[in-house]
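Written out below as C-alpha cells is the structure these notes cover.
Computed from the coordinates by the stated procedures, all read-outs in this text should not be read as laboratory data. Model, not experiment: these values are computed from the prediction. All Cβ positions, glycine included, derive from the backbone under ideal geometry; neighbour counts span all protein chains shown.
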C-alpha cells in the first residue's frame, strides 16, 4: 500500500480543481496547471480535497498511485506558492545580469553567455552573483536552473562556478611541491 498515495491532497482557499476523464486542472492565484494521469489510477475531487486511487492491484497501478498523487500535490503547490531555485556564482569576474528576457552570464569565457529564459519561468538577479528562478512548474524551474548551472559547474579545487544555494562542493587538495 502506498503511504504517499493514500493521503488526500488538500485544496487551500482560493484554489479550484476539476477532473475531466484522466486530466485534472487546478486553478489558483498564480495561474492554472493541468496533469493527465495514466489509466492505472482514478482521480476524484470531493470535500475540498483530491484523492488518487489505483485501479486494480497490478504493480504498475501501485507505482503510478504515489507518483500521480505527488504530481497533483505539485500542481496545488505551484498555483499557490510557486517553486523557487536559487543559484550562487563564485569566481573572480563571474557575474550575471538580466537584460529583458535574456540572462547575461560572464563566466570566464572569451564571450558572454546569453541564456534565453523560457515562458512560464521568471529569472531575477538580486545581486550580480545571485540568480533566482521562480515559476509554477517544478520540473521547468529545476530544468532551467540545471541548464544555467551547466554553463560552469563548480570545480573541486577552487570552488569556482555556478552552484545551488546551500550546495556543498567537495574540495580537493592541489598539487604539492
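Quick notes on this one:
- If R0 is 45 Å, the Cβ-Cβ spacing of residue 90 and residue 63 corresponds to a FRET efficiency of close to 0.65.
- Cα pair distances in segment 126-177, grouped into 10 Å bins until the bin that holds the longest one, percent each: 22, 44, 23, 8, 2, 0
- Ranked list, fewest to most other Cβ atoms within 10 Å of each Cβ, for 68, 58: 58, 68
- Taking 0.36 nm per residue of separation and subtracting the current Cα-Cα distance, fully stretching the chain between residue 49 and residue 70 would add 6.2 nm.
- Rg/Rh, computed from the Cα trace of segment 9-80 with Rh as the Kirkwood radius, has the value 0.97.
- Backbone N atoms of segment 70-105 closer than 15 Å to the 7 Å Cα→Cβ label point of residue 158 belong to residues 89-95.
- Residues 130, 10, 150, sorted so that the one with the fewest Cβ neighbours within 10 Å comes first: 150, 10, 130
- Linear extension gain, residue 129 paired with residue 146, 0.36 nm per residue minus alpha-carbon span: 4.5 nm
- Helix axis angle, 59-80 relative to the chain longest principal axis, alpha carbon, degrees: 70 degrees
- 5 Å-binned pair-distance histogram of segment 83-164 (Cα, whole percent): 3, 17, 29, 27, 15, 7, 2, 0
- Pair-distance profile P(r), taking every C-alpha pair of the chain, with 5 angstrom steps and integer %: 1, 8, 14, 15, 12, 11, 10, 10, 9, 6, 3, 1, 0, 0, 0
- Acute angle (nearest 10 degrees) that the helix 138-150 long axis makes with the longest principal axis of the chain, alpha-carbon atoms: 20 degrees
- Panel order for 98, 71, by other beta carbons found within 10 Å of each beta carbon, from fewest to most: 98, 71.
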